[in-house]
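Down below is the structure, laid out as structure tokens.
The values are calculated or read from the model by the stated rules, or taken from the named source; none is laboratory data. Computed from a prediction, not measured in an experiment: that's the story for all the values here. Please note: Cβ atoms are built from the backbone with ideal geometry, for glycine as well, and neighbour counts cover all protein chains shown.
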Amino acid sequence: MSQARVLSLVGLAVFAVAAVAYAQTTVTPIPDKEPVQTAPLNAGPQSKWGDVKAGATKAGTCAACHGLDGNPTDPQYPRLAGQSERYIAHQIALFKSGERNTGMSAAMKPFADALSEQDARDLGAYFATQKSGAGVADDTVIATGPNKDKKFYQVGEDLFRRGDKARGIPACMACHGPGGAGNPGPAYPHLAGQQAAYSQRRLEEYRAGTTTQRDPHLFNVMAGVAKQLTDEEIGSLASYLQGLHERADDIAAAGAPAPAAKPAAAPAPAQPAAPAEAPKPAAAPAAPAKG
């Protein structure tokens with residue numbers, strides 16, 4: 001074999017090796033996909049994001065039960081103040097379709113039936129701008145059982161903040177936020193300050209694990225958490241949530257200026273002294289209070 005032929009073969013081999021090496025180090029980008037089309041939750045063709053002013057007008061219908069600003073005075077009705085627009089619109093849609101049919105759903109359905117998708121959006125937008133109130137958590141000391149000597153609300157506080165790893169229960173704050181403000185993206189509700197009676201009822205419904213929702217994935221998330229909770233844990237968690245509120249509220253209350261003192265009243269004109277009366281007999285001592 002001639003030297004020239006050998007050199008040509010060597011050159012071809014080097015070229016082949018170089019081509020393979022280049023192919024292995026060259027990245028061929030995948031063509032970009034079309035942008036994802038997003039749409040509001042439960043939005044029909046005529047629905048758009050809610051209008052706060054329109055919602056404020058429509059909220060008059062809700063005031064009898066939920067309060068004009070979404071903070072009811074009757075503990076059997078849930079707080080709507082601070083809930084996200086998407087969550088409220090979603091729940092109204094479930095009431096309207098009959099997919100949410102437990103608890104006081106029968107009372108809600110006639111109102112939901114009268115609302116359009118846009119009405120639901122407007123109401124949600126309005127209540128999302130309102131500030132949620134809060135109640136008081138039960139700090140009674142537990143006398144017996146596995147949580148003996150804990151304050152009642154502390155059982156729920158532990159579950160909210162830490163969950164229970166041994167039972168596979170995640171911390172509630174992982175989805176609902178450390179202050180219970182919820183997450184408007186996936187429509188996880190605002191829990192801080194929620195009425196204890198309402199939260200307890202909903203947790204019991206989740207624990208039962210029965211739903212007629214056509215798309216139950218959000219329900220199933222909560223059902224998986226609640227199925228292992230005891231009655232005491234559900235009651236305690238509901239109580240803790242009722243008292244949960246932003247720390248800023250305490251700071252604002254502590255820094256609030258004291259009410260101005262009322263001006264002293266002008267002294268009354270002197271009156272002529274009344275004639276002295278005969279002394280009255282002393283009153284009999286009060287009876288001690290009976291349990």
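Points worth noting:
- Within segment 163-192, residues that are more than 15 Å from LEU244 (Cβ to Cβ) have Cβ atoms under 7 Å from residues that are of a type in the set (A, V, I, L, M) in these pairs: GLY163/ILE169; GLY163/ALA171; ILE169/LEU159; ILE169/VAL225; PRO170/VAL225; ALA187/LEU41, counting only partners at least 6 apart in sequence or on another chain.
- Residue in segment 84-96 that is touching an Asp or Glu at 6+ places or on another chain (Cβ under 7 Å) and modelled with pLDDT of 95 or more present: yes
- Lone qualifier among ARG86, ARG79, ARG100 - being part of a helix (DSSP H, G or I), of a type outside the set (Ser, Thr, Tyr) and touching a residue at least 60 places away in the same chain (Cβ under 8 Å): ARG86
- Filter result for ILE88 (buried (at least 22 other Cβ atoms within 10 Å of the Cβ) and more than 24 Å from GLY179 (Cβ to Cβ)): no
- Residue within segment 240-250 that is among the charged types (D, E, K, R), over 17 Å from the mean Cα position of the chain (by Cα) and either over 18 Å from ALA81 (Cβ atoms) or surrounded by 21 or more Cβ atoms within 10 Å (Cβ to Cβ) (or both) present: yes
- ASP119 being acidic (Asp, Glu), at pLDDT 95 or above and touching a strand residue (DSSP E or B) at 6+ places or on another chain (Cβ under 6 Å): no
- All positions within segment 146-166 that are in a helix (DSSP H, G or I) and either surrounded by 17 or more Cβ atoms within 10 Å (Cβ to Cβ) or outside the structural domain of GLY224 (by TED's automatic domain parsing) (or both): PHE152, TYR153, GLN154, VAL155, GLY156, GLU157, ASP158, LEU159, PHE160
- Residue check, ILE169 touching a Gly at 6+ places or on another chain (Cβ under 8 Å), surrounded by 15 or more Cβ atoms within 10 Å (Cβ to Cβ), at pLDDT 95 or above and β-branched (Val, Ile, Thr): yes
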